[in-house]
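The values are calculated or read from the model by the stated rules, or taken from the named source; none is laboratory data. None of the values given here were measured: they were computed from a predicted structure. We place every Cβ from the backbone using ideal geometry, glycine too, and count neighbours over all the protein chains shown. Surface accessibility is based on the protein's heavy atoms, side chains included, excluding ligands, DNA and RNA. Shrake-Rupley method; radii C 1.70, N 1.55, O 1.52, S 1.80 Å.
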Amino acid sequence: MSSKVKRYEVKVWPNRWEMLSIDPECMALLTYTCITHIPIRIKECLPWQSRSGVTPEVETDEVMYSGFDQLVRFFCGEGFNADGHLTAEQEADKIAFLSYFEQQLKPAITYTLWADNQNYNEVTRPAYAKMCGFPRNFWHPGQMREKAIQFVMQGKSRNLHGKDYQTVMLDFKRPIYMKAKSCMNVVEQKLTKNEFFFGDKPSSLDALIYGYLAVLVNAPLKSFELKHHLNSCENLKKFCERMNKLTAESKNIINGSISSTTPSSSSVKKSEACMKKETMITLGIGVSAMVLYGILFGIFTSRKSLLAQKLGTVSKK
């Protein structure tokens with residue numbers, strides 16, 4: 001009888017900033033696997049390389065699961081439940097805290113990484129652009145930023161009273177940061193007597209919140225008001241250190257792909273075709289722009305242009 005351990009392949013954004021993954025939700029899922037000792041193999045994967053277009057993602061027996069919530073339910077069904085020790089009251093508190101976090105803390109962390117101009121231009125965009133590679137590095141970080149800003153603003157218009165972008169975003173920043181600091185203070189109090197949210201054992205709530213806080217702690221931010229407040233919360237700071245140690249010392253994770261669960265040839269061909277198409281479009285736009293520039297500035301027709309003379313396109317005027 002084989003004693004080989006079943007190992008799940010988890011597709012996540014690549015690692016950066018001394019974290020298992022640069023993406024908060026991917027980091028939260030990987031933390032959950034460490035808490036529950038799920039044997040996994042990390043496959044660094046960009047969203048468009050996954051079947052669902054979303055990371056984190058797991059494929060098993062032709063069934064696909066993606067996103068933190070869906071994957072936690074899947075792993076619970078596989079016998080890996082980080083919340084099994086919670087009472088009914090604590091389970092209700094967990095749901096309330098998740099909603100509270102979603103409304104109070106997540107928008108502020110998203111703002112810090114994506115809406116803050118200095119952080120975006122000097123930290124977030126360069127990191128994601130490098131991972132995206134050519135030619136997606138030209139547009140994909142910008143698309144991600146737009147989506148992040150829409151989440152932060154929660155459907156409100158950016159064109160308020162004729163103000164410019166920076167002024168409008170600063171107007172949003174103040175109340176968002178106030179809520180986030182208040183949320184951190186509540187968590188700080190919650191952790192006064194406990195190592196984790198519900199005693200001495202971590203839960204899915206610990207994993208999710210740490211996934212976002214880890215990015216805030218580890219990213220080399222240039223504008224760090226929120227990070228400074230986190231560091232002033234001693235219990236919360238120790239919580240992050242505790243969770244970081246837990247993930248760093250975990251033995252459940254192996255890096256690299258599993259040959260038996262690699263993407264099908266059709267999906268690989270589709271991905272390659274998509275990349276070739278995008279490359280050709282980008283090159284086409286670049287060539288067109290250069291030709292247009294040449295026409296506008298007379299490079300192809302000017303008597304002084306050596307290129308025009310060689311091509312025989314010198315204007316007779």
For Ile254, Ile149, Ile95, give the ranking by accessible area with the largest first, probe 1.4 Å. Ile95, Ile254, Ile149
Rounded to the nearest 0.05, what FRET efficiency do Lys201 and Lys251 have when you use their Cβ-Cβ distance and R0 = 22 Å? 0.75
Given the Cα-Cα distance of His228 and Val5 and 0.36 nm per residue of separation, how much length would full extension add, in nm? 76.0 nm
Estimate the FRET efficiency between Lys238 and His85 by the formula 1/(1 + (r/R0)^6), using the beta-carbon distance for r and 35 Å for R0, to the nearest 0.05. 0.95
Label-point separation, Tyr165 to Asp93 (7 Å along Cα→Cβ), nm: 4.4 nm
In terms of the alpha carbon gyration tensor, root eigenvalues a ≥ b ≥ c, rounded if a/c is under 1.5 and otherwise prolate when a/b exceeds b/c or oblate, region 24-140 is oblate
